[in-house]
Amino acid sequence: DVKVTQSSRYLVKRTGEKVFLECVQDMDHENMFWYRQDPGLGLRLIYFSYDVKMKEKGDIPEGYSVSREKKERFSLILESASTNQTSMYLCASTSGTRRDTQYFGPGTRLTVL
Amino acid sequence: DAKTTQPNSMESNEEEPVHLPCNHSTISGTDYIHWYRQLPSQGPEYVIHGLTSNVNNRMASLAIAEDRKSSTLILHRATLRDAAVYYCILRGYLMDSSYKLIFGSGTRLLVRP
């Protein structure tokens, strides 16, 4: 079974802190994604990566950056956390060839105080 | 991107079939219809997808209208574990590598024992 893991299920940070969210997949997938999920807004794409060291902005990249140094790991970075970044963050991956299915991690619920 | 419209919520009795509708009147000829679901406190999971013909898998069936402007996800015998938010998503056959999914607000399915 494909497994996508995220470093934390729950995280509490203070305004202005630098926050790292880690995502690891074990299926050698080329494409990885970071979404955030908010009530009434559904899932929104923040960034995605289709190869190591490659990244592309999604629909709401402001306030975020990403890093993909290894194929299996995709990190989301909040340079200076703000209260409006309190959200559920979901990581997903998909194969470069079988791109029909995205596999999601369990999510990280981040609270910024 | 083409948009989908789903009811906010539906209810079903356990052991009965459930038909979850989705309207996508602006679908283009190369858009695939995907369904994902999100169980409480979990990331979304893939259910099924199709292009023109009806599709069956171990989880569900997908019935696609002849004009492709609507589709229906069919759960043949709802169980309590099927209580989730169901998302109907259109994904184009893109030549780039993004393959991003655009999630709307979905249909919350409640299953009564």
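The values are calculated or read from the model by the stated rules, or taken from the named source; none is laboratory data. As the structure is a prediction and not an experimental result, all values here were calculated from the model. Glycine gets a Cβ as well: all are built from the backbone with ideal geometry, and neighbour counts include every protein chain shown. When the accessible area is computed, the model is the full protein with side chains, heavy atoms only, and any ligands, DNA or RNA have been set aside. Shrake-Rupley method; radii C 1.70, N 1.55, O 1.52, S 1.80 Å.
Largest first, the residues A:THR111, B:THR26 sort by 1.4 Å accessible area into B:THR26, A:THR111. With the Kirkwood sum run over all distinct C-alpha pairs, the protein assembly as shown has a hydrodynamic radius of 18.2 Å. When the protein assembly as shown is described by a simple charge dipole with +1 on each Lys and Arg Cβ and -1 on each Asp and Glu Cβ, the residue from B:ILE89, B:SER25, A:HIS29 located farthest towards its positive end is A:HIS29.
Here the protein assembly as shown is treated with +1 on each Lys and Arg Cβ and -1 on each Asp and Glu Cβ, and its dipole about the Cα centre works out to around 420 debye. Counting Cβ atoms of other protein chains within 10 Å of each Cβ in B:83-91 and taking the mean gives 1. When +1 charges are put on Lys and Arg Cβ atoms and -1 charges on Asp and Glu Cβ atoms, the dipole computed for chain A relative to its Cα centre reaches about 220 debye. Placing unit charges on each Cβ (+1 for Lys and Arg, -1 for Asp and Glu) gives the protein assembly as shown a dipole about its Cα centre, and among A:LEU41, A:ASN84, B:GLN42 the Cα reaching farthest toward its positive end belongs to A:ASN84. Annotation: lysines with alpha-carbon distance below 29 angstrom to A:LYS53 (same-chain offsets under eight excluded): A:LYS3, A:LYS13, A:LYS18, A:LYS70, A:LYS71, B:LYS100. A Cβ-based charge dipole, computed about the Cα centre of chain B with Lys and Arg at +1 and Asp and Glu at -1, lands at about 140 debye.
Considering only alpha-carbon pairs that sit under 8 angstrom and 6 or more positions apart, the relative contact order computed for chain A is 36 percent. Protection proxy ranking, highest mean first, for peptides A:42-48, B:102-108, B:12-18: A:42-48, B:102-108, B:12-18, where packing is the per-residue count of other beta-carbon atoms within 10 Å, averaged.
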